[in-house]
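Data block below; observations after.
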Amino acid sequence: MTGRALPALGWAALIGAFYAFIYLPVAVLMLFSFHDGRVPVPPFEGPTLDWYGRVLANGKLIEATGHSLAVGLLSSAVAVALGFLAAVAFARHRVPMRRTVEAMLVVPLTVSYIIIGLGLLITMNGLGLSKSLLGVGLGHVVINLPLCFLIALSQMGPAEARLEAAARDLGASEAAVLARITLPLAAPALIAGFFLSFTLSWDEFVIAFLLTNFDVTLPVVIWSMLRTGLNPETNAAGTLVFAVSLLLVAIVELLVLRRRGAR
Amino acid sequence: MSRPARLDAEAISKRYGAETALAGISLHVPAGSYVVLLGPSGSGKTTLLSIVGGFTVPSEGRVLIDGEDVTATGPAQRPTATVFQDYALFPHMSVAANVRFGLSMRGVAKAEARRLATEALALVGLAGFGDRPIAALSGGQRQRVALARSLVVEPAILLLDEPLGALDLHLRRQMQDELKALQRTTGRSFVHVTHDQEEAMALADLIVVMNRGRIEDMGPPERVYARPATRFAATFMGESTILEGRVQMATDGRAAVETAEGRLVVGGGAAAGAEVALSIRPERLRLAPGDGAVPVATATVEECVFQGGFVRVRARTAAGAAVLAKVPPEAAPAAGAEVRLFANPSDIVLLSEETQR
């Protein structure tokens, strides 16, 4: 009995330690967003929602939230659209220098954000463009396009190709095949790609920091708040950002799971 | 949309790199016939169907529908419709929307399309199923939806790629009868691919036996069964006893063939001295002489299997040739017994030399 219980207990402890290591900092951050005191250090006092009230009254934070939303929504939409079209090309048509082009599409996944940000900064300087949210959006398209492309491509296998052939056989033009068959079949994957892109854009810091001056995104504002010292208001802002990301990931998970369940 | 049409495939070849899928085959199908392409996997039957449907471009040759060359025409513009092996129903549409799809692509007005789709579903026995999602249907029902979806656009030629392959035996036999009835009511040509010889014989007006990218035999099922043209046709479509021999003498349509079992005189043309094979269907072999039957072979019985109406006798000649006979249960020999087998000379088929290779 104990011979079995002991290893099981050991595993439980190990796994517990693993999750504690990952989530304890987040939990502490969240806990001290409710802290009734000026500095987020133990012992915990409260709880209070004062800091959340301050966050919502903070014009800079609200403005940055708007910027983050705009950059996230637009860049994700562009990444999904381009990724879908690229996937159609690769799955269904002859692409010249296929391997090279595909590699170049996917490579941004492996390039660090600072390199992408620097590259964009230098290019925009060279073109005489000033730092702006547009640059951040472009950067986020660059980092999210490979993801959207791969997710869309995974939904265009031989089974889908047969459905497209069947549609053509029934008289559908290429445009009709795309609109009535390919796009609806890929829709769950595209929605998942959109939410994942948005999540990544939502809390991306490096590119947003390098490419903005005055109009900044949420992570950049939070970073500048940190520079003036620890403050439960930062915790509250961080908690809200984290909650939005968590919500989006949950939506993606639900979409993907529902699709698997249907099969 | 279109009238029934005749189909001509002329000298069709298809090569994939060094692989030859079809080696210059020609096929002529009168309007309104039920054609079955029968062959093992890799025989090229599906490739031929795909070329007729416009999904595959032949390396050589032409496809004509009602005399019009459609070789370069895509599937959307051809007066053909295909029932795919996996049915290829659109999973994101209801049953009725699947059936209406081809109509809406042809610009048929909505109300009219709805009416035609309802009719088509009734035709295949699925009246009232229109609102169901595809995922809620059984295999047999999906098969019917695929049929309705293809038939509703009134193709001149309906192409069926192993349409019954995914169904269980009972359902397969039932759908087989329904397919034949549908073909009669619609008056269209059906071109049906299968590897099931029973299905082929039950359905076809014209059977095309294919092997390795060639047509081995082509004709009405009764003729192909009774007098197969080649050794492949004799053994793939039903079973046969094959006896090897050499032509001793050949005179106007008759040949004397010397086999290990003795000399047999059969109908058919062959050059003297040629190595040939003779084929006899199992139900044409008898264990007793009479009615003009001649002795064919002497063999030792290896196995008798009772199959209800008859007993299937497997035997082997002294020279090692496998012999297969179907005899009445009361005439069944014992295993190990030596039997003499007789057949009417007209039931002994001289197989074409071409495939002896």
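The values are calculated or read from the model by the stated rules, or taken from the named source; none is laboratory data. This is a predicted model, so every value here is computed, not measured. Ideal geometry is used to build each Cβ from the backbone, glycine not excepted, and the neighbour counts take in all protein chains shown.
Tabulated values for the structure
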{"quantity": "Selection within region B:72-89 - surrounded by fewer than 20 Cβ atoms within 10 Å (Cβ to Cβ), at the interface with another protein chain (Cβ under 7 Å from one of its Cβ atoms) and farther than 23 Å from B:Arg62 by Cα", "calculated": "B:Asp86"}
{"quantity": "Residue in region B:284-298 that is under 30 Å from B:Arg214 (Cα atoms), part of a strand (DSSP E or B) and at pLDDT 90 or above present", "calculated": "no"}
{"quantity": "Qualifying residue in region A:112-120 (condition: hydroxyl-bearing (Ser, Thr, Tyr) and under 25 Å from the mean Cα position of the chain (by Cα))", "calculated": "yes"}
{"quantity": "Output for region B:90-103, where each listed residue is at the interface with chain A (Cβ under 7 Å from one of its Cβ atoms) and either of a type in the set (Lys, Arg) or touching a Gly at 6+ places or on another chain (Cβ under 9 Å) (or both)", "calculated": "B:Phe101, B:Gly102"}
{"quantity": "Residue in region B:248-262 that is of a type outside the set (A, V, I, L, M, F, W, C), closer than 24 Å to B:Val313 by Cβ, surrounded by 15 or more Cβ atoms within 10 Å (Cβ to Cβ) and within 32 Å of the chain's Cα centre (by Cα) present", "calculated": "yes"}
{"quantity": "Residues of region B:202-224 satisfying the condition of being surrounded by fewer than 18 Cβ atoms within 10 Å (Cβ to Cβ) and in contact with a helix residue (DSSP H, G or I) (Cβ under 7 Å, 6 or more places away or on another chain)", "calculated": "B:Ala202"}
{"quantity": "Any chance A:Pro7 is over 23 Å from the mean Cα position of the chain (by Cα) and either touching a residue at least 12 places away in the same chain (Cβ under 8 Å) or assigned to a helix (DSSP H, G or I) (or both)", "calculated": "yes"}
{"quantity": "Extreme residue, surrounded by the most Cβ atoms within 10 Å (Cβ to Cβ), among residues of region A:119-142 that are farther than 23 Å from A:Leu73 by Cα and among the hydrophobic types (A, V, I, L, M, F, W, C)", "calculated": "A:Ile122"}
{"quantity": "The listed residue being more than 23 Å from A:Trp202 (Cβ to Cβ) and in a helix (DSSP H, G or I), out of A:Ala70, A:Ala77, A:Ala20", "calculated": "A:Ala20"}
{"quantity": "Pair list, Cβ < 8 Å and 6+ apart or interchain, from region B:31-56 residues that are outside any helix (DSSP H, G or I) to residues that are basic (Lys, Arg) and crowded, with 22+ Cβ neighbours inside 10 Å", "calculated": "B:Gly32/B:Arg188; B:Leu37/B:Lys45; B:Leu38/B:Lys45; B:Gly39/B:Lys45; B:Gly44/B:Lys14; B:Gly54/B:Arg78; B:Thr56/B:Lys14"}
{"quantity": "Residues that are farther than 22 Å from B:Leu37 by Cβ and outside any helix (DSSP H, G or I), drawn from region B:165-179", "calculated": "B:Asp168"}
{"quantity": "One residue from A:Pro96, A:Pro184, A:Pro188, A:Pro108 being at pLDDT below 90, under 30 Å from B:Ile51 (Cα atoms) and either assigned to a helix (DSSP H, G or I) or away from chain B (no Cβ under 14 Å) (or both)", "calculated": "A:Pro96"}
{"quantity": "Residue in region B:116-130 that is more than 12 Å from chain A (Cβ to nearest Cβ), under 30 Å from B:Glu10 (Cα atoms) and assigned to a loop (DSSP other than H, G, I, E, B) present", "calculated": "no"}
{"quantity": "Answer residue from region A:34-55, given it is outside any loop (DSSP other than H, G, I, E, B) and out of contact with any helix residue (DSSP H, G or I) (no Cβ under 7 Å at 6 or more places or on another chain) and is nearest to A:Leu133 (Cα to Cα) among those", "calculated": "A:Gly53"}
{"quantity": "Which numbered condition A:Leu230 misses (of (1) at pLDDT below 90; (2) not in a loop (DSSP other than H, G, I, E, B))", "calculated": "(2)"}
{"quantity": "Residue within region B:104-112 that is facing another protein chain (nearest Cβ under 9 Å), within 30 Å of B:Gly130 (Cβ to Cβ) and surrounded by fewer than 17 Cβ atoms within 10 Å (Cβ to Cβ) present", "calculated": "yes"}
{"quantity": "Unmet criterion (only one of (1) surrounded by 15 or more Cβ atoms within 10 Å (Cβ to Cβ); (2) at pLDDT below 90) for B:Glu198", "calculated": "(1)"}
{"quantity": "All helices (runs of 4 or more DSSP H) inside region B:192-273 with 1 or more residues being more than 20 Å from B:Gln176 (Cα to Cα)", "calculated": "B:221-226, B:231-236"}
{"quantity": "Top-ranked residue of region B:132-164 - restricted to ones that are polar (S, T, N, Q) and in a helix (DSSP H, G or I), ranked as nearest to the other protein chains (Cβ to nearest Cβ)", "calculated": "B:Ser150"}
{"quantity": "Residue in region B:32-56 that is farthest from B:Gln176 (Cα to Cα), counting only those that are more than 14 Å from chain A (Cβ to nearest Cβ) and of a type in the set (Val, Ile, Thr)", "calculated": "B:Thr47"}
{"quantity": "Top-ranked residue in region B:13-25 [being out of contact with any helix residue (DSSP H, G or I) (no Cβ under 6 Å at 6 or more places or on another chain) and touching a residue at least 24 places away in the same chain (Cβ under 8 Å); ranked as surrounded by the fewest Cβ atoms within 10 Å (Cβ to Cβ)]", "calculated": "B:Arg15"}
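Matching residues to (1) closer than 21 Å to A:Asp215 by Cβ; (2) within 13 Å of another protein chain (Cβ to nearest Cβ):
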position: A:Gly126; (1), (2): no, no
position: A:Leu134; (1), (2): yes, no
position: A:Val142; (1), (2): yes, no
position: A:Gln155; (1), (2): no, yes
position: A:Pro158; (1), (2): no, yes
position: A:Leu163; (1), (2): no, yes
position: A:Ala176; (1), (2): no, yes
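One line per residue, one yes/no per condition, for (1) surrounded by 15 or more Cβ atoms within 10 Å (Cβ to Cβ); (2) touching a strand residue (DSSP E or B) at 6+ places or on another chain (Cβ under 7 Å); (3) not small (Gly, Ala, Ser):
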site	(1), (2), (3)
A:Ala165	yes, no, no
A:Ser173	no, no, no
A:Thr182	yes, no, yes
A:Ala189	yes, no, no
A:Ile207	yes, no, yes
A:Leu210	yes, no, yes
A:Thr228	no, no, yes
A:Ala236	yes, no, no
A:Val244	yes, no, yes
